[in-house]
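The values are calculated or read from the model by the stated rules, or taken from the named source; none is laboratory data. If you're wondering where the values come from, they're calculated on a predicted model, not measured in any experiment. Note that we place each Cβ from the backbone using ideal geometry, even for glycine, and neighbour counts take in every protein chain shown.
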Amino acid sequence: MLATAEANRTISRNLCRAMSAYSQSSREGKRVVHPGLTIIDSGLDYAAFNAAILPDPLQVIELEALVARAARHFASVKRPWGCWLCDDLLSAAAQSRLTSLMAPHGLRLVTEHQGMVAESIRPMRRRAPDLEMRAVEDGATRAHFAAICAQVFSLPSEIARGVYESRRFWMSSLAGWVAYERGTPVSIAASSTHGDTIGIYSVATLASYQHRGFGEAVTRHAISRARLRSRAERVILQSTPSGLGLYARMGFQPASRFSVFMT
C-alpha cells in the first residue's frame, strides 16, 4: 500500500488528469496550469465543471495565494467555480483556517469525499449480473451516459448533455462505460489512467436498478479494461459515504479526505 503522503499526491494528480476532460467539452473551455494549481474551465455556466485543483502540500500563505489566482481567472470569464482540496496535503494551520480562507471568494463547503486506494481488487462475492457493457464511443452511448449522470447526480439536463454528449469530452484521457440490462442503460463508470494508477470516476446506477450489483459490475469492468490498455495495477477513487462499504469489499482502503468548495 502507498504511504499516506504519496497516496494523497497520487489521488490528487489523477483527479487533475481526469477533470481536464471538462476543459475539452466546449470550444470555450481551457486548462490552465500554474505551479501548485490546475484550473479546469469547461466554458459552461456550471460550478461543478469549473474547478481549481491544488494537488501539492500547502501552507496557509500558499493556499491563500493560489485560491486568489483561481478566483481571478473565473471572475475574468464570469463563470461559477469550485475548489478541490486534499485535506491531508494542507498544513494544520491551513486546515484550521480553510473555511475562512474560502469565504472571501464566495466559496462554501458542499461535499467531502473519501480518497481510497486498492493495490489489487478482490473477487466479486456475488454472482455477476447479466449485463452488456458498451464503451462510450458513439452518439447513443454518449447520450445514455449523459442521461444517467443527469438523473443520478441531479445535473441540469442541458448541462449534462453539453458535457457528456460532446465528442471533444471523450477525446480526453477518460474512458467511459455504460451497462445495459436487456437493452436498457442502467449504470455507468469512467476511468482515467495516469502513470501506474487507474482512477475511477462517475460511478452511477439509476435508482430503480440499485442494490443489484450493477454499479460494482460496471466498476470492475472499467478497471479490467483500463488494466488491459495500460498494464497499471493500482486503482484509486473518491467515494461518497454511500459507496464506502462496496469499495471496502472490493479491496479499497481509505487514504485521504477531499473537501469540495463551490460558489
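What the table shows:
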quantity: Tally of residues being of a type in the set (A, V, I, L, M) and exposed (fewer than 12 other Cβ atoms within 10 Å of the Cβ) across the stretch 131-171; calculated: 1
quantity: Condition broken by ALA128, with the remaining ones in (1) surrounded by fewer than 17 Cβ atoms within 10 Å (Cβ to Cβ); (2) modelled with pLDDT under 95; (3) farther than 30 Å from GLY183 by Cβ satisfied; calculated: (3)
quantity: Any hit, the stretch 35-46, residues being part of a helix (DSSP H, G or I) and of a type in the set (Phe, Trp, Tyr); calculated: no
quantity: Residue that is farthest from LEU174 (Cα to Cα), among those in the stretch 23-61 that are in contact with an Asp or Glu (Cβ under 9 Å, 6 or more places away or on another chain) and of a type in the set (D, E, K, R); calculated: ASP56
quantity: Meets criteria (buried (at least 23 other Cβ atoms within 10 Å of the Cβ), within 16 Å of LEU98 (Cα to Cα), of a type outside the set (Val, Ile, Thr) and modelled with pLDDT of 95 or more) for ALA52; calculated: yes
quantity: Condition broken by PRO104, with the remaining ones in (1) outside the structural domain of GLU165 (by TED's automatic domain parsing); (2) over 30 Å from GLY82 (Cβ atoms) satisfied; calculated: (2)
quantity: Enumeration of residues in the stretch 112-125 that are in contact (Cβ under 8 Å) with a residue 24 or more places away in the chain and either within 25 Å of SER173 (Cα to Cα) or exposed (fewer than 12 other Cβ atoms within 10 Å of the Cβ) (or both); calculated: GLU112, HIS113, GLN114, GLY115, MET116, VAL117, ALA118, GLU119, SER120, ILE121, ARG122, ARG125
quantity: First in the stretch 26-49 and on the phi > 0 side of the Ramachandran plot, second anywhere and in a strand (DSSP E or B) and not β-branched (Val, Ile, Thr), Cβ under 8 Å, 6 or more apart; calculated: GLY36/LEU54; GLY36/LEU58; GLY43/LYS30
quantity: Among residues of the stretch 81-136, those that are assigned to a strand (DSSP E or B) and aromatic (Phe, Trp, Tyr), counted; calculated: 1
